[in-house]
Amino acid sequence: MTAGAPLLRMEGITKRFGSATALDAVDLVLQRGEVHALVGENGAGKSTLVKILTGAYRRDTGTVELEGQPVSFDTPAEAQAAGVCAVHQEIHLLTHRTVAENIYLGREPRRWGFVDWRRMNADAAALLLDLGLDMQPDAVVGSLNTARQQMVAIARGVSLGARVLVLDEPTSSLSPREVSILYALVARLKAQGTAIVYISHRFDELYAICDRVTVLRDGRLVETRPLAGLERLDLVCLMLGKRRDELRHGTTAFAEHQARTAGEPTTAPLLETEHVGGGSRLRDVSLQVRRGEIVGLAGLLGSGRTETARAVFGADPCARGKVSIQGKRLDARSPDDAIRAGIGFVSEDRKAEGIIPELSIRENLTLAALPLLTRYGVVSRRRQREMVDRFMERLGIKASSADQRIRELSGGNQQKVLLARWLCTSPRLLILDEPTRGIDIGAKGEIQGLVNELATDGMAVLMISSELEELVEGSTRVVVLRDGESVAELSGDQLSQQAIIHAMAEGGSTSSPGIAPDHPVH
Amino acid sequence: MAQSLGLEPARRAPAAAPASLRRHLPGPQYAALGALVVLVVANAVFTPHFASTSNLWNVLLQVSTVVLAAVGMTLVIATGGIDLSVGSVMACAGAVAAVLLERGTVLAVIAALAVATLIGVVNGTLIATMRVQPIVVTLATLIAGRGIAQVISHDGELVTISDPAFMQLGRGYAGPVPVQVLIALAAVAVALFLLRSTPFGRYVLAAGGNPAAARLAGVPVPRTIMTVYAASGLLAGIAGLIVASRLGASDAAKIGQNMELDAIAAVVVGGTALSGGRATIVGTVIGALIMQVIATSFNMLLVPYAWSLALKAAIILVAVYLQRPRRV
């Protein structure tokens, strides 16, 4: 790292959305030829900071200096022109056009007013060669795999003269071999003096290629420091805002019910997954849930928690491994199969995957239970009303009436309706993905208390949560995922926030090979 | 991440007040009903002979085929789709019936409706399982259906119909009520019942309102989508038989022409949003009546056809404007 003047300096960046502060006086300093990791959990402000850097958002306060000159980008195009370029998770390319056309889109070389195809392809070929990419400039982008499309996006950034390149989750859909191609490209850009902001949830990657790290939490800067010499455990503690020695205790509604019986290990598991894998995030997850147990599923963002839940529920295909319910192989191919086997699933994304916004509370609540309410093809209004009344009262759903549209309710009340949607099907297993995210404290406590009650009554619960208190106090056992693999299972005296953090950072008793940085370059 | 932080509290606070307030304002359905009443009253006063019994029956008779196609269209649009093929399906049904009538009325009608439903099933299959866009799929069946209808009716010849029982469909009366009006009423009643009282009705609205959430709640989304297109085909087939019976012939090139546009207009004017997730069958009937009353009165007032088209277009635009999503 050069000790001279920084390439980019962002100071005191603040951004508000309405009454919420997304970024509060955050600094980010990039040196030439530096790969800089930007990490933080959900809501930390990474995306907002990057969007301000690349001109997609405007900052409320703070300064940005590029090579000592104050700059202010109003649009991504302005940022690009100044040499600040971002490559996002979802790649923005014209899939029906060629590699060369995409690289030079909007600034095609011309000859007598017409596009000079020959020169464009020659320029592109030279650029690709320079970046060490084995790729035809006239290949149609849509025919390339995701990794190569990403390379095209990076090549476009380089050809724009990018001095600051932001890579946002660049490896989220890459295979290990493709990752090594990316590493080689990053190394080459670094040698050319480009500063790279690298956003990833995979620790192996950060430690393999990043020089320094900036940690954000809840919109605030926690620390910027060299990555070498920083233990993974300490990095996780910084991200989560925990201190290694003293971890808080007793802040959730589970605490009152601390005496969770550790489900008798002798009883056969209700749910069992063995080496489940599939997609780009899920590799090898094995876990068991017994009746009356709340099993917590822990892991950092991107560790495969949601993917595990979706695979069990049949929402995503599960390519490898085995899922059984009460010893019988399930392998649900659609949510319908899982529901018939007695499973309910509350998604983490209430708005996109939970509520049907235009329908009423009544209709949302009974959506999954309609087959139970139907006689001779007709929904029994009486039985539907009874069911809705019973669950609205039991869960304390606050609304003007059961006919109110669900989109008019608060997040907490929506979440209760979605819980009720499953409870009224009397499931044997309930999968909750972040059941208390984004809802107010009161509703949070009520939901935690209810989940506890359900388990006491014999239901099996698999609970995904990013809140360690919730996991430690609510769960009988906690299974920790890391990079798509179940790496530890904690229960009894072993179950502590510290132990979870340790497993998330280092893996548990079984060490995972992860992505080795030294794969042969293609 | 930041957006959710910002919007969550802001959205909660004002939700209660406008919600209760809005309930007292006329919804799009009542707006359409109001417009229909105004139109009828104005015509009764200003258009000579409009308020006569025979003319009012005539309006109902004219509107019945549009109502049939529009009821199916309402279900399709509620799932977030569209069915452009209804006019061609009508022509196919008419052609199949016309060539088969000599072998028996019942056989001809059943075969015609089976073909119509089959075209709907093809639409539904391509849309639900192959994920092709509804507008593309049904545009293809719109084009192909018209061709098939002409092939069936001996290369587009006018096939005359003389079967007396079949003629009852488009010309018969039960007391003072035309048979086709009864058929349309029956279709409306069945659709209302399906939407309000069966799981299928909930599934239609759920699949249109939020397909991802519906799937996770166990809603059979592909089967639901398949069913609405099949229903749309069947209803269009019935409409096609009525028109063929009315004409006394199968005219493969003309039957059902532009019906898709009339049906979509009725649905939109009636207050069903094109974005899916909502459906009002009663609104669709009112929408169809509005369009028909305008057409009839213009005809009686001898307004040039071209002008009546322009006014129709204006009415559709106003209806859509009134229904634009309002910010809470």
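Looking only at the range A:101-129, filter to residues that are assigned to a loop (DSSP other than H, G, I, E, B) and among the charged types (D, E, K, R); which one of those is most open to solvent (accessible area, probe 1.4 Å)? Walk me through it before giving the result.
Filtering the range A:101-129 for residues assigned to a loop (DSSP other than H, G, I, E, B) gives A:104-109, A:112-113, A:116.
Subset that is among the charged types (D, E, K, R): A:107-108, A:116.
Numbers: A:Arg107: 83, A:Glu108: 47, A:Asp116: 25 Å².
For the range A:101-129, the residue satisfying everything is A:Arg107.
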Discussion item. Among the residues in the range B:182-200, are any hydrophobic (A, V, I, L, M, F, W, C) and either assigned to a loop (DSSP other than H, G, I, E, B) or farther than 30 Å from B:Gly277 by Cα (or both)?
Written reply: no
Worksheet entry | Boolean, A:Asp331 is surrounded by fewer than 18 Cβ atoms within 10 Å (Cβ to Cβ) and in the same structural domain as A:Leu462 (by TED's automatic domain parsing) | yes
Worksheet entry | Close pairs (7 angstrom Cβ cut-off, 6 or more residues apart or separate chains): more than 18 Å from A:Lys242 (Cβ to Cβ) in the range A:501-514, assigned to a loop (DSSP other than H, G, I, E, B) and at pLDDT 70 or above anywhere | A:Ser512/A:Asp483; A:Gly514/A:Asp483
Response to the item:
Taking the range A:401-421 and keeping only residues that are touching a Leu at 6+ places or on another chain (Cβ under 8 Å) and surrounded by 21 or more Cβ atoms within 10 Å (Cβ to Cβ), one is left with A:Ile406, A:Lys416, A:Val417, A:Leu419, A:Ala420, A:Arg421
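Out of all the residues in the range A:325-346, which are of a type outside the set (Lys, Arg) and part of a loop (DSSP other than H, G, I, E, B)? I'd like the intermediate steps shown before the answer.
Taking the range A:325-346 as the starting set, the residues that turn out to be of a type outside the set (Lys, Arg) are A:325-327, A:330-332, A:334-339, A:341-346.
Scanning the range A:325-346 gives A:Gln326, A:Gly327, A:Leu330, A:Asp331, A:Ala332, A:Ser334, A:Ala341, A:Gly342.
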Item to complete: With the checklist (1) out of contact with any Phe, Trp or Tyr (no Cβ under 8 Å at 6 or more places or on another chain); (2) open to solvent by 10 Å² or more (accessible area, probe 1.4 Å); (3) farther than 20 Å from B:Ala70 by Cβ in hand, flag the one item B:Val320 doesn't pass.
Response: (3)
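Give the residues of the range A:198-226 that are assigned to a loop (DSSP other than H, G, I, E, B) and surrounded by 20 or more Cβ atoms within 10 Å (Cβ to Cβ), sorted by residue number.
Keep residues of the range A:198-226 that are assigned to a loop (DSSP other than H, G, I, E, B), which gives A:200-202, A:210-211, A:218-219.
A:Ser200, A:His201, A:Arg202, A:Cys210, A:Gly219, listed by residue number.
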Worksheet item: What number of residues in the range B:74-94 are open to solvent by less than 10 Å² (accessible area, probe 1.4 Å), among the β-branched types (Val, Ile, Thr) and out of contact with any Phe, Trp or Tyr (no Cβ under 7 Å at 6 or more places or on another chain)?
Response: 4
Discussion item. For the range A:86-100, which positions are at pLDDT below 90 and open to solvent by less than 20 Å² (accessible area, probe 1.4 Å)?
Written reply: A:Val87
Worksheet item: Which is among the small types (Gly, Ala, Ser) and at pLDDT below 85, of A:Gly83, A:Gly132?
Response: A:Gly132
Discussion item. Looking at (1) away from chain B (no Cβ under 14 Å); (2) more than 28 Å from A:Ala228 (Cα to Cα), which one does A:Ala37 not meet, given that it meets all the others?
Written reply: (2)
Practice prompt. Quick one: which residue in A:Gly302, A:Gly321 is more than 13 Å from chain B (Cβ to nearest Cβ) and assigned to a loop (DSSP other than H, G, I, E, B)?
Written response: A:Gly302
Fill in: Test for B:Ala112: is it assigned to a helix (DSSP H, G or I) and touching a residue at least 60 places away in the same chain (Cβ under 8 Å)
yes
Practice prompt. Restrict the check to the range A:20-41 and report whether at least one residue is touching a Leu at 6+ places or on another chain (Cβ under 6 Å), part of a loop (DSSP other than H, G, I, E, B) and open to solvent by 60 Å² or more (accessible area, probe 1.4 Å).
Written response: yes
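Could you check how many residues of the range A:373-400 are within 14 Å of chain B (Cβ to nearest Cβ), open to solvent by 90 Å² or more (accessible area, probe 1.4 Å) and part of a helix (DSSP H, G or I)? Reasoning before the result, please.
Kept after step one, since they are within 14 Å of chain B (Cβ to nearest Cβ), are these residues of the range A:373-400: A:373-385, A:387-388, A:398-400.
In the following step, the residues that additionally are open to solvent by 90 Å² or more (accessible area, probe 1.4 Å) were identified as A:375-376, A:381-382, A:385, A:398.
Now narrow it down to the ones that are part of a helix (DSSP H, G or I): A:381-382, A:385.
Adding up the residues that qualify gives 3.
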Worksheet item: Can you find even one residue in the range B:169-191 that is open to solvent by 30 Å² or more (accessible area, probe 1.4 Å), within 11 Å of another protein chain (Cβ to nearest Cβ) and free of Cβ contacts under 8 Å to residues at least 60 places away in the same chain?
Response: no
Worksheet item: Any chance the range B:211-219 includes a residue that's away from chain A (no Cβ under 14 Å) and either part of a helix (DSSP H, G or I) or surrounded by fewer than 21 Cβ atoms within 10 Å (Cβ to Cβ) (or both)?
Response: no
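Restricted to the range A:8-19, and to residues that are within 14 Å of another protein chain (Cβ to nearest Cβ) and either more than 25 Å from the chain's Cα centre (by Cα) or among the hydrophobic types (A, V, I, L, M, F, W, C) (or both), which residue is surrounded by the fewest Cβ atoms within 10 Å (Cβ to Cβ)?
As a first pass, look at the range A:8-19 and keep what is within 14 Å of another protein chain (Cβ to nearest Cβ): A:13-19.
Still in the list and also either more than 25 Å from the chain's Cα centre (by Cα) or among the hydrophobic types (A, V, I, L, M, F, W, C) (or both): A:13, A:17.
Values: A:Ile13: 23, A:Phe17: 18.
Step by step, filter the range A:8-19, then rank; the result is A:Phe17.
Can you tell me which residues in the range A:353-362 are at the interface with chain B (Cβ under 8 Å from one of its Cβ atoms) and either surrounded by 23 or more Cβ atoms within 10 Å (Cβ to Cβ) or assigned to a loop (DSSP other than H, G, I, E, B) (or both)?
Just the residues of the range A:353-362 that are at the interface with chain B (Cβ under 8 Å from one of its Cβ atoms), to begin with: A:353-359.
Within the range A:353-362, A:Gly354, A:Ile355, A:Ile356, A:Pro357, A:Glu358, A:Leu359 qualify.
If I ask for residues that are open to solvent by less than 30 Å² (accessible area, probe 1.4 Å) and either assigned to a loop (DSSP other than H, G, I, E, B) or away from every other protein chain (no Cβ under 11 Å) (or both), which ones from the range A:51-61 would you list?
Of all residues in the range A:51-61, those open to solvent by less than 30 Å² (accessible area, probe 1.4 Å) come to A:52-55.
Of everything in the range A:51-61, those that are open to solvent by less than 30 Å² (accessible area, probe 1.4 Å) and either assigned to a loop (DSSP other than H, G, I, E, B) or away from every other protein chain (no Cβ under 11 Å) (or both) turn out to be A:Leu53, A:Thr54, A:Gly55.
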Discussion item. Just to verify a result, which residue in the range A:227-262, among those that are more than 20 Å from A:Val480 (Cβ to Cβ), of a type in the set (A, V, I, L, M) and at pLDDT 70 or above, is most open to solvent (accessible area, probe 1.4 Å)?
Written reply: A:Ala228
Discussion item. Would you confirm, using the coordinates I've provided, whether A:Leu287 is open to solvent by less than 50 Å² (accessible area, probe 1.4 Å), farther than 30 Å from B:Arg196 by Cα and either touching a Gly at 6+ places or on another chain (Cβ under 6 Å) or outside any loop (DSSP other than H, G, I, E, B) (or both)?
Written reply: yes
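Just to check your reading of the model, which residue among A:Asp331, A:Asp349, A:Asp316, A:Asp337 is within 14 Å of chain B (Cβ to nearest Cβ), touching a Lys or Arg at 6+ places or on another chain (Cβ under 9 Å) and free of Cβ contacts under 8 Å to residues at least 40 places away in the same chain?
Details: A:Asp331 fails: within 14 Å of chain B (Cβ to nearest Cβ); A:Asp349 fails: touching a Lys or Arg at 6+ places or on another chain (Cβ under 9 Å); A:Asp337 fails: touching a Lys or Arg at 6+ places or on another chain (Cβ under 9 Å).
None of the other options fit; the residue is A:Asp316.
The values are calculated or read from the model by the stated rules, or taken from the named source; none is laboratory data. Since the model is a prediction, treat every value here as computed from it, not as a measurement. Don't worry about glycine lacking a Cβ; one is built from the backbone with ideal geometry, like all the others, and counts go over all protein chains shown. Protein only, heavy atoms only, side chains kept; ligands, DNA and RNA dropped before computing areas. Shrake-Rupley method; radii C 1.70, N 1.55, O 1.52, S 1.80 Å.
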